[in-house]
Amino acid sequence: MSGPGKLYLVSVGPGFAELIPPMAQRALQESEVIVGYDLYLKWIQPWIEGKEIKSMPLTRERERATKGIECARSGRSAAEVSGGDVGVYAMAALVLEEMREEDAFELKIIPGISAANSCASLLGSPLSHDFATLSLSDLLCPWEWIEHRAQHLAQADMVTALYNVQSRERQNGVYRVLHLMLEHKLPETWCGVVKNAYRDGEEHYVCTLSELLNRKFDMLTTIIIGNRFTRRKREFIYTPRGYHAWEDTTENRARPEVATPPAWIFSGTSDGNALAEELARRGHNIIVSTASEYGRELLAKDFPGLSVQSGRIGVEARRRELRRSGAAAIVDATHPFAVEMSAQLITLSQELGIPYMRYERPGAPRKHPAIPCQRMETAATEAIERGRRVFLATGTKDLATFVKHPRAQECEWFVRVAPDPDSLQRALSLGVPRAHLCAMQGPFSKEFNESLWRSWKIDCVVTKDSGDAGGFAAKAEAASALKIPLIIVQRPQMQYPRVANDFATVASFLERDAARTRFNILRSRPKTNPS
Ligand code: SAH
């Protein structure tokens, strides 16, 4: 048997070669075998050229630990490589767990720059006083522990670096933790987000605790949440070294002047939802109201931290909510036919002095011949004139105009409704036979429409010009393939004070025009008291 082997546990920092210290470089050079994960191995290429490499996926950490130990036991020298610091959520503890008391090889652990440190340096100096790290990964411990610890950290007002923030499978956890933080910390608390520190694709920004709720993250990201004293200067945040009055509310706390009051987006279409998603992605502080529960579910799935509401509320309740939230702007992305709602929003905006903008996709281009009608009533008469088996894609709200028309008996009516109990109930109580009902969630393809209409022997279709380009084209093309008339109810004429047809215009409205209101709101906002 050869002499005792050597096992180095080597920290290679965030990734950037200049941040790998000489001690780590030497350990790599002195090792015959390198055990690691592909990405880390790429960074240390200059020091491991020609060596025996054992690369294993990130998930097989325990196997990697044993591999290094086996090499050292057999008298060879090996290096186990970890990103950041090898002792922070990494290989060192696994190796110590797997190693035996009687193992004779030499073990050397080489420290490195953990994500908390590298990320903090890009943000300024948020970790200058007490801080903690919290991993949000529940692979190795139950989720309840994570929440329990988060609660205590928040209560102690500890600056906290969140590691393993959000994975594809674990989307919600981070927002639950942020909400726990918000139970004890001010929404204006300064925070920073860093992705890929000192690596390709590096991104970082500073924002407030409440703004984090609108953001999406991933596993390459670290979030740093400041304490009550953390401040911002230029693009940096920093936590003063100490000796501040814990209860002092005005000078030493995060300043409310910088938190942004929300813009309120009213969404009634998939396009409205896409707008809300885009604004959230750009980091705007928004609240979204969706017309349907389904719309709310879709948004909440993609942005679990976003404040999304659904359901009908009266004008009184809406006025109260807009006031209470301190909304700085109203973006009206409701369905083009929801004119009552738009009228209400315009009135509220004037009454409350909140800037208003209508967002609407341009009407569907007319590639296919269609019969335009100004009103539902005309569309009903047209349909009765032209068809015997008429398909209605006009929604349940206007169903009675067709099926209770004085000449309704001259046709058979086939109806597509949203798959919710109210819509179904409405259609059934208006006497639409069950066999003539299709309750499904769109979007529908041309093929689907064509096949449904063919099997129902539809000879006329009525739809609305809802501005949903994709959905409209699928109907127009199917109708044209079947050579049946397509009747389109045109959008109601509505005088919107301001209209945008693309996301960028809405974003710049929020950035420039709404900023003025924001400023006024913030000036008139009462000073916050300590919790
Ligand atoms: N041993 C590593 C941590 C491993 S856990 C260290 O000390 O840094 C993996 C988590 O670390 C990631 O999900 C992310 O939250 C954080 N992380 C690691 N490198 C990072 C980098 N370059 N930029 C931002 N976050 C990073």
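The values are calculated or read from the model by the stated rules, or taken from the named source; none is laboratory data. Here the structure is a predicted model, which is why all the values come from computation and not from measurement. For neighbour counting, all protein chains shown are included, and Cβ atoms are generated from backbone atoms with ideal geometry for every residue, glycine included. Only protein heavy atoms, including side chains, enter the accessible area calculation; ligands, DNA and RNA are left aside. Shrake-Rupley method; radii C 1.70, N 1.55, O 1.52, S 1.80 Å.
Numerical summary
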| quantity | calculated |
| --- | --- |
| Per residue value of the accessible surface for the chain (all protein chains in place, 1.4 Å probe), Å² | 48 |
| Mean ellipticity per residue at 222 nm, deg cm²/dmol - from DSSP H runs of n ≥ 4 across the chain, formula -39500 (n - 2.57) | -10500 deg cm²/dmol |
| Difference of contour (0.36 nm per residue) and Cα-Cα distance, ARG60 to LEU428 | 126.8 nm |
| Amide H contacts under 5 Å for TYR163, placed H, 5+ residues apart | LEU134, SER135, LEU136 |
| Ratio of Rg to Rh over region 116-238 (Cα coordinates, Kirkwood Rh, two decimals) | 0.93 |
| Proximal aspartates and glutamates relative to LYS42, as straight alpha-carbon distance under 19 Å, when same-chain residues fewer than 8 apart are discounted | GLU18, GLU30, GLU32, GLU52, GLU61, GLU80, ASP85, ASP200, GLU202 |
| Cα→Cβ-extended label distance, 7 Å offset, between GLN374 and ARG512, nm | 3.6 |
| Two-site FRET efficiency, GLU235 against ARG389, from Cβ-Cβ distance with R₀ of 56 Å, rounded to 0.05 | 0.30 |
| Gain upon complete extension [GLU351, PHE503; 0.36 nm per residue less C-alpha separation] | 52.1 nm |
| Violating pairs (Cα-Cα greater than 29 angstrom) within the set LYS51/LYS216; LYS6/LYS195; LYS195/LYS233; LYS54/LYS216; LYS301/LYS446; LYS397/LYS475 | LYS51/LYS216; LYS6/LYS195; LYS54/LYS216 |
| Phi-based couplings in Hz for region 395-409 (Karplus 6.51, -1.76, 1.60; Gly and Pro marked x) | x, 6, 4, 9, 4, 4, 4, 8, 6, 10, 5, x, 9, 4, 5 |
| The chain - share of DSSP beta bridges that are antiparallel (%, nearest 5) | 20 |
| Relative counts (whole %) of C-alpha pair distances in region 6-113, using bins that are 5 Å wide | 2, 14, 28, 28, 19, 7, 2, 0 |
| In nm, spacing of pseudo-spin labels at LEU220 and GLU18 (7 Å Cα→C-beta vector) | 2.1 |
| Whole-percent carbon and sulfur share, accessible surface of the chain, 1.4 Å | 51 |
| ASP465 accessible area, 1.4 Å probe, all protein chains in place, Å² to nearest 10 | 20 |
| Radius ratio Rg over Rh of the chain, counting only Cα atoms, Kirkwood formula for Rh | 1.11 |
| For PHE105, residues with placed amide H under 5 Å, excluding near neighbours | GLY5 |
| Trypsin sites (Lys or Arg not before Pro) within region 17-80, DSSP loop, no more than 13 other Cβ atoms inside 10 Å | ARG60 |
| Percent antiparallel among DSSP beta bridges (both partners in region 113-213, rounded to 5) | 55 |
| Dipole magnitude of the chain about its Cα centre (Cβ charges: Lys, Arg +1; Asp, Glu -1), debye to nearest 20 | 1700 |
| Per DSSP, loop trypsin sites (Lys or Arg not before Pro) in region 346-440 with at most 16 further Cβ within 10 Å | ARG366, LYS367, ARG375, ARG388, LYS404, ARG407 |
| Virtual spin-label span in nm between SER325 and GLN493, 7 Å along Cα→Cβ | 3.3 |
| 5 angstrom amide H check on SER289, placed H, neighbours 5+ away | ILE265, PHE266, SER267, GLN309 |
| For region 405-482 versus region 176-193, the gap between their alpha-carbon centres in whole angstrom | 47 |
| Debye equation applied to the C-alpha atoms of region 371-489, log10 I(q)/I(0) at 0.13, 0.21 Å⁻¹ | -0.43, -1.26 |
| ³J(HN,Hα), Karplus 6.51/-1.76/1.60, whole Hz, each residue of region 216-228, x for Gly, Pro | 10, 10, 7, 8, 9, 10, 10, 10, 10, 9, x, 10, 5 |
| Dipole of region 54-141, positive direction: furthest Cα of LEU134, ALA72, VAL86, with charges on the beta-carbon | ALA72 |
| Exposure ranking of ASP422, ASP502, ASP459 by accessible area [1.4 Å probe, largest first] | ASP422, ASP502, ASP459 |
| Estimated FRET transfer efficiency (HIS244, GLU203; beta-carbon r; R0 35 Å; 0.05) | 0.65 |
